[in-house]
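Visitor: Submitted below is the structure of interest, expressed as structure tokens.
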Amino acid sequence: MDSLLVINFQKCSIHDGPGIRSTIFFKGCPLDCVWCHNPESKKFTKEVLYNQERCSACGTCAKICPSNAISNQLYRVSLDRDICTTCGSCLDYCVNNAREIVGEEYSIKQLVREIEKDIMFYEESGGGVTLSGGEVMCQDIECISKLSRVCKDRGIHIAVDTCGYAKFDNYERILEFVDLFLYDIKLIDEEKHIEFTGKSNKLILENLKKLSEKGANINIRIPLIEGVNVDEENIEVKKIIEFIKPLNIKKVNLLPYHSIGKHKYEKLDEVYHAEDFETPDTSKLEEIRDIFERNNFSTKIGG
Ligand code: SF4
Ligand code: SF4
């Protein structure tokens, strides 16, 4: 197989590494963060999104679905996602555009062609390409490695945005091509990490140490969420600093929580469980930034 499942190919991005970048969001992530603002990136397969506000409940899609995955209900239709094959027929017949499919196969050639279109912007701005997700390190690593090699051969700067939850072998496969890792740390407390992401953070922290030992260029990214890792005494913030201080890390990005992806959960027939979380206020964000700066990290609020 020589293709990768992509959610979005974002051009002219300025938040995912230096300069102007093309950011490729791959589909599928091993973590299940409660606050995730891209829930459509979690599954490793294509999915149908359903926008009930647009749907007139005409029932056409239920009639044409070859898998009988759709059933008519009052004011809406419901989809049995276990039997939907994501064939796309219901999209073609919906006059209200109430459905869309998320996830598109791109060959390495197609990705390179798209990346190369903006090479002038990368050169002018010191930008490049960012491989993101979902989780890029849990995609077909053969393909990711090929893509990275081709970009490297063309002199394009490569950043990898990762949650850290992947076999270290995968990181080793691409290490020589990657100019920058944007590495997420959410929590040091393992129990809390399991509670809020569904997985232990052991592998994530081990991988970070190993990458640092190998001399990789790493920026740490920390989502800041009241109710998860932000509190009065900055307990988790201090633990993160203690962990990263001995490592080869100079820069930190603090990413305040937002709930703009909330509406996507409805489109996937899922429930948003982060209602009680809050964005830290400006003074709290500045307080946390100061703590990092006092510990000699160049720290920015935002991507
Ligand atoms: S065809 Fe479109 S508008 Fe009609 S029921 Fe299906 S999703 Fe709704
Ligand atoms: S994508 Fe295909 S299988 Fe899935 S609901 Fe639509 S028509 Fe049915």
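Visitor: Please turn the phi angles of region 267-280 into ³J(HN,Hα) values with the Karplus equation 6.51 cos²θ - 1.76 cosθ + 1.60 (θ = phi - 60°), one per residue in order, whole Hz, x for glycine and proline.
Guide: Couplings: 5, 9, 6, 10, 9, 7, 9, 9, 3, 7, 6, 10, 7, x Hz.
Visitor: Contour minus end-to-end for GLU270 and TYR93, with contour as 0.36 nm per residue of separation and end-to-end as the Cα-Cα distance?
Guide: Fully extending the segment from GLU270 to TYR93 adds 61.3 nm.
Visitor: Modelled label-to-label distance, LEU74 and PHE44, 7 Å Cα→beta-carbon offset: nm?
Guide: 4.2
Visitor: Right, something else. Between helix 202-213 and the chain, what is the angle of the helix's C-alpha long axis to the longest principal axis, kept within 0 to 90° and rounded to the nearest 10?
Guide: 50
Visitor: Net charge near SER78, counting Lys/Arg +1 and Asp/Glu -1 over other residues with Cβ under 14 Å of its Cβ? Can you show the working numbers first?
Guide: Working: positive: ARG76, ARG81, ARG99, LYS267; negative: ASP80, ASP82, GLU266, ASP269, GLU270.
For residues surrounding SER78, the net value is -1.
Visitor: Can you compute 3J(HN,Hα) from phi for each residue in region 239-256, using the Karplus curve 6.51 cos²θ - 1.76 cosθ + 1.60 with θ = phi - 60°, rounded to whole Hz and x for Gly and Pro?
Guide: Taking θ as phi minus 60°, the curve returns 5, 5, 4, 4, 6, 8, 4, x, 8, 7, 10, 10, 10, 9, 10, 9, 10, x Hz for region 239-256.
Visitor: Compute the Rg/Rh shape ratio of region 78-157: radius of gyration over Kirkwood radius, all on alpha-carbon atoms.
Guide: Rg/Rh: 1.12.
Visitor: Continuing with this model, one more query. Using alpha carbons only, how many angstrom separate the centre of region 1-76 from the centre of region 223-280?
Guide: 23
Visitor: How about region 15-89: which GluC sites (Glu not before Pro) there lie in a loop by DSSP and see at most 13 other Cβ atoms within 10 Å?
Guide: Passing both the DSSP loop test and the Cβ count: GLU53.
Visitor: Taking region 158-223 as the region of interest, what is the percent of Cα-Cα pairs per 5 angstrom bin, listed from the shortest bin to the one with the maximum distance?
Guide: 4, 18, 30, 25, 13, 8, 2
Visitor: Using the basic label-point model (7 angstrom from Cα toward the beta carbon), what is the SER107 to LYS192 distance in nanometres?
Guide: Calculated label separation equals 4.8 nm.
Visitor: Looking at region 135-206, which trypsin sites (Lys or Arg not before Pro) are DSSP coil and have at most 15 other C-beta atoms within 10 Å of their C-beta? Present the calculation step by step, with values, prior to reporting the outcome.
Guide: Details: sites: LYS146, ARG149, LYS152, ARG154, LYS167, ARG173, LYS186, LYS192, LYS199, LYS202; in loops: ARG154, LYS167, LYS186, LYS199.
Passing both the DSSP loop test and the Cβ count: ARG154, LYS167.
Visitor: Follow-up. I need the phi-derived Karplus couplings for region 11-17: 6.51 cos²θ - 1.76 cosθ + 1.60, θ = phi - 60°, integer Hz, Gly and Pro marked x.
Guide: So the Karplus estimates, Gly and Pro as x, are 8, 6, 7, 10, 10, 10, x Hz.
Visitor: How big, on average over all directions, is the shadow cast by the Cα convex hull of region 188-296, in nm²?
Guide: Details: hull surface 31.0 nm².
So the mean shadow area of the Cα hull is 7.8 nm².
Visitor: Using amide H atoms built 1.01 Å from N in the peptide plane, name the residues 5+ places from ASN8, or on other chains, whose amide H lies under 5 Å from its own.
Guide: Sorted by chain and number, the residues that satisfy this are PHE25.
Visitor: If Lys and Arg each add +1 and Asp and Glu each add -1, what is the summed charge of the other residues whose beta carbon sits under 12 Å from the beta carbon of HIS273?
Guide: On the way: positive: LYS262; negative: ASP32, GLU195, GLU270, GLU275, ASP276.
Net charge in that neighbourhood comes out at -4.
Visitor: How high is the relative contact order of the chain, in percent, counting Cα pairs under 8 Å that sit 6 or more residues apart? Could the numbers behind the result be given before it?
Guide: Details: 572 pairs, mean separation 58.0, N = 303.
Result for the chain is 19 percent.
Visitor: How much length is gained on full extension from LYS251 to ILE235, taking 0.36 nm per residue of separation minus their Cα-Cα distance?
Guide: In short, 3.7 nm is gained.
Visitor: In nm, what is the difference between 0.36 nm times the number of residues separating ILE83 and HIS15 and their Cα-Cα distance? The partial results should precede the final answer.
Guide: On the way: separation 68, 0.36 × 68 = 24.48 nm, distance 3.77 nm.
Going from the current span to full extension adds 20.7 nm.
Visitor: Below 12 angstrom from the Cβ of SER13, what's the summed charge of the other residues (Lys, Arg +1; Asp, Glu -1)?
Guide: -1
Visitor: Over all pairs of distinct alpha carbons, what does the Kirkwood formula give as the hydrodynamic radius of region 17-72, in Å?
Guide: 14.8
Visitor: For the chain, restrict the atom set to alpha-carbon positions and state the Rg and Dmax in Å.
Guide: Both quantities, over Cα of the chain: 20.6, 63 Å.
Visitor: Can you give the Rg and Dmax of region 125-166 based on its C-alpha atoms, in angstrom?
Guide: According to the Cα coordinates of region 125-166, Rg and Dmax are 10.6, 31 Å.
Visitor: If you take the alpha carbon radius of gyration of region 47-102 and divide it by 2.2 N^0.38 Å, what ratio comes out, to two decimals?
Guide: Ratio of Cα Rg to 2.2 N^0.38 Å: 0.96.
Visitor: Another question, if that's okay. If you line up the long axis of helix 141-153 against the longest principal axis of the chain, both from Cα atoms, how many degrees apart are they, to the nearest 10?
Guide: Rounded to the nearest ten degrees, it is 60.
Values in this text are rule-based calculations from the coordinates and carry no lab data. As the structure is a computational prediction, the values presented were derived from the model and not from experiment. When we count neighbours, we look across all protein chains shown, and the Cβ atoms used for this are built from the backbone with ideal geometry, even at glycine.
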